[in-house]
Every structure is written in C-alpha cells, then in structure tokens.
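Peer 1: Have a look at the structure that comes next, please.
The values are calculated or read from the model by the stated rules, or taken from the named source; none is laboratory data. None of the values given here were measured: they were computed from a predicted structure. Because the Cβ atoms are built from the backbone with ideal geometry, glycine has one as well, and the counts that use them run over all protein chains shown.
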Amino acid sequence: MFTETKHDFRVVGRGTKAEFKFEFRNLYEETVHVQGVRSSCGCTTPTVSDDTLETHETSSIVAKLNTSTFIGQKAATVTVIFDQPYYAEVQLQVSGFIRTDVTFDPPEVDFGQCKNGEVKEQDITITHRGNSSWRLTDVRSHCDDFAVKLEQPIVQPNMVQYKMRVRMKETMSEGEIRERLTLVSNDSKFPTIEMSIAGMIRPTISISPAAVSLGTTESGKTVSKRLLIRGEEAFEIKEVRCSDDRFQFEIPEGKKKLHFVEMKFTGGDKPDRVAQRIQIVTDLPGDKTAECVATGTVK
C-alpha cells in the first residue's frame, strides 16, 4: 500500500520545517481504517491525513521532524496500525541531522495555492552563527521549474547572513509541490543543508469524487452517481470516455465553471468486479481532461 517506507531528511537547520508524506493507497475492496500512529522517538511527530479509505482512495502518514526542540542526528520508527479490513502494522523509518548554527526565515519556501502557469517569488534569510568565514558556494534545485538567486553575504563577527530569492516558473506542473533546495557551503564537516519547498498548483480542471464507489449492484439493476467537474475558467464538456458500455453518462451543455455529470451503471448478467477509468474531455486548450476511477461488484 505504501509507495515509500523510508525517508532521510539529511541535514536541516534548527527550526526548519521538515515534513514528509508517506503516501498509501487502499488496494482492497473493503474499507481500510488506520487505528493510530505512533513514533519511537519524540523527535518525530506522525499524523494521518485521512484515517478511513474506500477502494482505491489515497491518504498519507505525515512525519514531522521536530527541529525546534531536538538537535543532532535523530532517527525514529513510525508504526502505522490498521484495524480494518484486518489487523496489521507497518513500520516507516525517518532520520535526519538537525544543525543549531543555521536557520532559515521563513522556515520553508511556501508558495501556497497557485493557478496553473502563475509565477511566484519568495525571499528567504539564511543565517549562520559561530564562524564568520562560513560561505555558501552553491544552491542546487532538484526541479527545473525553480530559479534561485543568492545575494552577496552580510558578514558580522560570529555571523554570516544571506538573502535568497526563489522563483517558481510558469512551467510548474499541476498538483502538490514537495521539492527541496540543497545549499552547498565551505563547511567540510557539513557541506550541505536542505530546505523544503511547498505549495499547490491548482488543476485547470478537476473531478470529484476521484474514486467512485458503486457498491454492490444486482444483475440488471442500475445505480446512479453524480460527478462534479470544476474548472478555473468556463469550459464545455466535449465527451466522456469509458471503455465499459455498462456505463452511461448525461453530458450537460454550455460553458460553465461547474458541471454535474450524471453517471449510470447497469449490472450485467454475470457476477463481476468493476474497476473502470472514466475520462472527462473538455474544450480547454489541449483538450484538457480530468479522470476518476469507478469500482464495485456485480452479483
């Protein structure tokens, strides 16, 4: 169910925001429920974004490294306890090194909610205390959709301070932003330090729910569901694509920012499991689409 079970925050500054989402997906027909999460060390606080998942729904365990109250090398085991559809435990590993001599203000680059194609900038103050000869030699972005500008350092006794500007380009893809910057210094003991970048590029077009549960349908019976399709600007639905002819759709007319599509599923003659991808095609540039998955059983 989990795409990853280990994460190393590497070297981070004191007070820096350091969070990682361990994503998981319900692969079962039954409902999955997370009874609780616990950490083996107070240096890491785990939470669950959604503790109840229907078929094909996704959630995440958020592991937060407590950089304000702990220092040095830290490691923790996060145990995720499931009680539905049966009892199980999953262990996730978290580690990182928290420095006391480097701080960021603000503690992370957070672009917030953005429209697709929007350009945003944020200024960060990087402060090193204890060695006035400390210098940053490079800033590496792990994503081509960011540009970083580092100003000349301000040097004072026992302190070096940099102003850094991070720009998000218009090419950033839709969805959640979870990237990082690696700052390279002349410190031979700790040559790199990490800083997180967060935000969300709102999709041009979205569909809700993303996972549709049809439940159990008797042979020959019909179940109806309503899909909500939302856009950043007014659009028209050109067609609904689905390879299963047991599904029928009522497509609304006209250009609006909000459409409702009525979906009907009729059970066939034989018992069956249903897992079907549904694609909404719009008249937005590039025939922009939105997708959902419908699942269920026929008895």
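Peer 1: Of all residues being of a type outside the set (Val, Ile, Thr) and buried (at least 17 other Cβ atoms within 10 Å of the Cβ) in the range 26-50, which is farthest from THR182 (Cα to Cα)? Just the residue, please. Spell out the reasoning first.
Peer 2: Filtering the range 26-50 for residues of a type outside the set (Val, Ile, Thr) gives 26-30, 33, 35-36, 38-43, 46, 49-50.
Then drop every residue that is not buried (at least 17 other Cβ atoms within 10 Å of the Cβ), which leaves 26, 39, 43, 46.
Numbers: ASN26: 34, SER39: 27, CYS43: 22, PRO46: 25 Å.
Per the stated criteria, the residue is ASN26.
Peer 1: Scan the range 187-239 residue by residue and report those that are of a type in the set (D, E, K, R), under 30 Å from VAL166 (Cβ atoms) and in a strand (DSSP E or B).
Peer 2: GLU194, ARG230, GLU232, GLU233, listed by residue number.
Peer 1: On to the next question. Output the number of residues of the range 166-175 satisfying the condition of being surrounded by 14 or more Cβ atoms within 10 Å (Cβ to Cβ) and either among the hydroxyl-bearing types (Ser, Thr, Tyr) or within 20 Å of SER185 (Cα to Cα) (or both).
Peer 2: Final tally of qualifying residues: 1.
Here is a yes/no grid of residues against (1) touching a strand residue (DSSP E or B) at 6+ places or on another chain (Cβ under 9 Å); (2) of a type in the set (S, T, N, Q); (3) closer than 30 Å to THR31 by Cβ:
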{"site": "ARG178", "(1), (2), (3)": "yes, no, yes"}
{"site": "ASN186", "(1), (2), (3)": "yes, yes, no"}
{"site": "GLY199", "(1), (2), (3)": "yes, no, no"}
{"site": "ILE207", "(1), (2), (3)": "yes, no, yes"}
{"site": "VAL223", "(1), (2), (3)": "yes, no, yes"}
{"site": "ARG246", "(1), (2), (3)": "yes, no, yes"}
{"site": "PRO271", "(1), (2), (3)": "yes, no, yes"}
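Peer 1: Now a separate question. Can we say GLY267 is over 25 Å from the mean Cα position of the chain (by Cα), surrounded by 12 or more Cβ atoms within 10 Å (Cβ to Cβ) and among the small types (Gly, Ala, Ser)?
Peer 2: yes
Peer 1: Within the set of pairs 6 or more residues apart or between chains, which connect a residue that is assigned by TED's automatic domain parsing to the domain that holds ARG180 inside the range 138-150 to a residue that is buried (at least 16 other Cβ atoms within 10 Å of the Cβ) and part of a loop (DSSP other than H, G, I, E, B) with Cβ atoms less than 6 Å apart?
Peer 2: ASP145/MET172
Peer 1: Can I ask one more? Just to be sure before I move on: is LYS189 among the basic types (Lys, Arg), in contact with a Ser or Thr (Cβ under 8 Å, 6 or more places away or on another chain) and surrounded by fewer than 13 Cβ atoms within 10 Å (Cβ to Cβ) in the structure I sent? Can you show your working first?
Peer 2: On the way: among the basic types (Lys, Arg): yes; in contact with a Ser or Thr (Cβ under 8 Å, 6 or more places away or on another chain): no; surrounded by fewer than 13 Cβ atoms within 10 Å (Cβ to Cβ): yes.
The answer is no for LYS189.
Peer 1: Go through the range 124-164 residue by residue and tally those that are of a type in the set (Lys, Arg) and surrounded by 14 or more Cβ atoms within 10 Å (Cβ to Cβ).
Peer 2: 3
Peer 1: If you take the residues of the range 51-71 that are surrounded by 19 or more Cβ atoms within 10 Å (Cβ to Cβ) and among the β-branched types (Val, Ile, Thr), which of them is nearest to VAL212 (Cα to Cα)?
Peer 2: Within the range 51-71, the match that is nearest to VAL212 (Cα to Cα) is THR55.
Peer 1: Here is a follow-up. Residues in the range 1-18 that are among the charged types (D, E, K, R), at pLDDT below 95, over 16 Å from the mean Cα position of the chain (by Cα) and more than 12 Å from ILE193 (Cα to Cα): how many?
Peer 2: 0
Peer 1: I'd like the residue in the range 167-186 that is within 24 Å of SER60 (Cβ to Cβ) and assigned to a loop (DSSP other than H, G, I, E, B) and, out of all such residues, is modelled with the highest pLDDT.
Peer 2: Here the residue is MET172.
Peer 1: Filter the range 96-123 for residues that are surrounded by 14 or more Cβ atoms within 10 Å (Cβ to Cβ) and among the hydroxyl-bearing types (Ser, Thr, Tyr) and give the result.
Peer 2: THR103, the sole residue that qualifies.
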